Amino acid sequence: MLDPKEVAAREAVKAVKDGMTIGIGTGSTAAFAIRAIGERVKLEGLHVRAVATSSRSREMAAEWGIPLIDLCEVEALDLTIDGADQVGPNLSLIKGGGGALLREKIVAQASRELIIICDETKRQMPFGQHPLPVAVVPFGHTLTRRRLERFCQKVLLRPKAPDSPEPYLTDDGLYIYDMHMETIADPPQLEQRLKQIVGVVEVGLFNGLASRVLFGFHDGHVEELLPEHSARL
Ligand SMILES: O=C[C@H](O)[C@H](O)[C@H](O)COP(=O)(O)O
């Protein structure tokens, strides 16, 4: 039996072409893509330059011999491959389960194409079932939390580790609040409204950014979801 995350990752990595400047995502599914790109660099002599969305992914890419650059060195990226926590209507995504949502969104916005890779568990409905991560400035964060609580009652500061009294800190020194919304009826509107809160730096809602989503399955097949429809590859 194959790992569905790896199946999706290997399919996505076929879209990486020689000479491309690519973005590499964060998380357990993106890790399979980093590995598959690394293998192509080593075995096929594939030439790519990559921007990593987190320090973890950067370390992993370096270990696999993938040449890394700073995002400021380029105008745009050809392609980014990343995971997601939940996939919703019209390819709206919840991202940030691993805390990398800010860099992931900057990289996604800079990319001509964003391929999302995941297993089927990520398209369970209703959209909003997965907690929505929000990156917040530590200064005055409890006041920011109160504003977030106007949207849903359960808003939890993410701890560094499950029982740690210390908050989790992102690569950019931000806190993460996880909003337990249960359902999100209008993702673009929610994203816009949350971003109006001054202490909020970024919201883990990605609307209109994904070009396609690839779902991997244990038997090795992949289903592709495009903004308006899905198809078996
Ligand atoms: O911050 C982390 C990212 O948004 C991940 O891409 C997301 O949490 C999915 O991670 P995984 O592939 O481990 O489920």
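The values are calculated or read from the model by the stated rules, or taken from the named source; none is laboratory data. All figures in this text were calculated on a predicted structure; none of them were measured in a lab. Note that each Cβ is placed from the backbone with ideal geometry, even for glycine, and that neighbours are counted across all protein chains shown.
A few notes on this one:
So that you can scan it fast, the table gives a plain yes or no per residue for (1) in contact (Cβ under 8 Å) with a residue 12 or more places away in the chain; (2) within 13 Å of residue 119 (Cβ to Cβ); (3) surrounded by 17 or more Cβ atoms within 10 Å (Cβ to Cβ):
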position: 24; (1), (2), (3): yes, no, yes
position: 27; (1), (2), (3): yes, yes, yes
position: 31; (1), (2), (3): yes, no, yes
position: 42; (1), (2), (3): yes, no, no
position: 48; (1), (2), (3): yes, no, yes
position: 51; (1), (2), (3): yes, no, yes
position: 67; (1), (2), (3): yes, no, no
position: 74; (1), (2), (3): yes, no, no
position: 78; (1), (2), (3): yes, no, yes
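- Of the strands (runs of 3 or more DSSP E) lying entirely inside the stretch 151-228, the ones with 1 or more residues being in contact (Cβ under 8 Å) with a residue 40 or more places away in the chain, farther than 28 Å from residue 8 by Cα and among the hydroxyl-bearing types (Ser, Thr, Tyr) are found at 175-179.
- Complete set of residues in the stretch 98-116 that are over 16 Å from residue 169 (Cβ atoms) and either at pLDDT below 95 or within 8 Å of the ligand (Cβ to nearest atom) (or both): 104
- Residue that is nearest to residue 205 (Cα to Cα), among those in the stretch 93-114 that are out of contact with any Gly (no Cβ under 8 Å at 6 or more places or on another chain) and part of a loop (DSSP other than H, G, I, E, B): 99
- Residue within the stretch 86-95 that is within 13 Å of the ligand (Cβ to nearest atom), of a type outside the set (Phe, Trp, Tyr), farther than 17 Å from residue 187 by Cα and under 17 Å from the mean Cα position of the chain (by Cα) present: no
- Residue that is nearest to residue 120 (Cα to Cα), among those in the stretch 12-57 that are among the charged types (D, E, K, R) and within 15 Å of the ligand (Cβ to nearest atom): 35
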